[in-house]
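The values are calculated or read from the model by the stated rules, or taken from the named source; none is laboratory data. All values derive from a computational prediction rather than experimental measurement. Ideal geometry is used to build each Cβ from the backbone, glycine not excepted, and the neighbour counts take in all protein chains shown. Keep in mind that these areas ignore ligands, DNA and RNA; they rest on the heavy atoms of the full protein, side chains included. Shrake-Rupley method; radii C 1.70, N 1.55, O 1.52, S 1.80 Å.
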Amino acid sequence: RELGEVKKELVDVKKEKIADNNKFDKRCAVLTKDLGQVKRKLENAKEQRIAENKRYINLKKENQHLEEKARKHSAALETLEKTYDISKDKYGQLEKTLRVLHRRVLLDQARSDLLFESHLDRRDFEGRSEDLLIAIKGALASNVQLSEAALRAVLLSGPIRAHGNVVAHDASPEDISLAILGTDITEKQRKTLREIYVYVYRQEPDLNVVV
């Protein structure tokens with residue numbers, strides 16, 4: 001009977017051991033599964049980090065490219081601004097020169113008209129502007145349509161004619177109007193030029209010309 005009990009105890013121990021082994025195997029299987037999931041998560045996280053690093057590098061390169069384009073655009077804009085300033089200055093100088101030339105054109109045209117109406121030849125009065133003035137006033141008498149100041153501006157040397165000592169080119173009445181509106185002459189000179197303009201073109205200058 002003691003031997004039988006011992007055998008029974010051995011059988012029970014063996015069953016318990018088998019049961020424990022089964023539990024251990026099941027636990028190991030669960031842990032192995034969990035470990036596999038953790039590894040996959042780590043691998044996914046690693047891949048995601050690699051992808052993010054690549055995106056960061058690409059964004060950094062793109063940002064550098066955009067910064068370079070911005071620098072080029074900024075440099076181009078600065079060049080354009082300088083070009084605009086230079087062009088503006090040149091236009092201002094050209095406009096001033098044209099005004100001076102157009103005033104000279106106006107004076108020359110008025111003188112030609114006065115000589116034509118007086119039936120006089122300017123060559124007969126070469127170097128004698130005062131004599132020409134007297135001759136024209138005498139020839140036209142009461143038909144003189146210009147004031148004394150306007151006549152002297154047309155026929156004698158003065159600041160308006162002196163400033164136009166460059167060769168004067170043909171100009172339209174609109175160009176002459178622009179010259180009369182210039183801010184670089186006195187109001188008295190402007191009034192005189194307007195009077196001469198009316199005499200030459202038989203109309204008022206366009207005072208609405210934008211300058």
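Being over 30 Å from Leu181 (Cβ atoms), more than 37 Å from the chain's Cα centre (by Cα) and either modelled with pLDDT of 90 or more or assigned to a helix (DSSP H, G or I) (or both) is a property that Ala51 has.
Residues that are over 17 Å from Pro159 (Cβ atoms) and hydroxyl-bearing (Ser, Thr, Tyr) were ranked within segment 91-115; the one that is modelled with the highest pLDDT is Ser112.
Looking at Ile136, Ile176, can you tell me which residue is crowded, with 19+ Cβ neighbours inside 10 Å, at pLDDT below 80 and part of a helix (DSSP H, G or I)?
Numbers: Ile136 fails: at pLDDT below 80.
Ile176 is the lone residue from the list that is crowded, with 19+ Cβ neighbours inside 10 Å, at pLDDT below 80 and part of a helix (DSSP H, G or I).
The set of residues from segment 139-167 being within 22 Å of Lys191 (Cβ to Cβ), assigned to a loop (DSSP other than H, G, I, E, B) and within 50 Å of the chain's Cα centre (by Cα) comprises Gln145, Leu146, Ser147, Leu156, Ser157, Gly158, Gly164. Give segment 93-132 a look and list any residue that's in contact (Cβ under 8 Å) with a residue 40 or more places away in the chain and either aliphatic (A, V, I, L, M) or over 28 Å from Leu178 (Cβ atoms) (or both), or say none. Result: Leu98, Val100, Leu101, Val105, Leu106, Leu107, Ala110, Leu114.
Among the residues making up segment 96-128, those that are open to solvent by 50 Å² or more (accessible area, probe 1.4 Å) and assigned to a helix (DSSP H, G or I) are Lys96, Thr97, Leu98, Arg104, Gln109, Ser112, Phe116, Glu117, Arg122, Arg123, Asp124. Apart from one condition, Leu42 fits all of (1) of a type in the set (A, V, I, L, M, F, W, C); (2) more than 60 Å from the chain's Cα centre (by Cα); (3) open to solvent by 80 Å² or more (accessible area, probe 1.4 Å); the exception is (2). Considering the conditions (1) basic (Lys, Arg); (2) closer than 30 Å to Glu174 by Cβ; (3) at pLDDT 80 or above, Lys88 is excluded by exactly one of them, (3).
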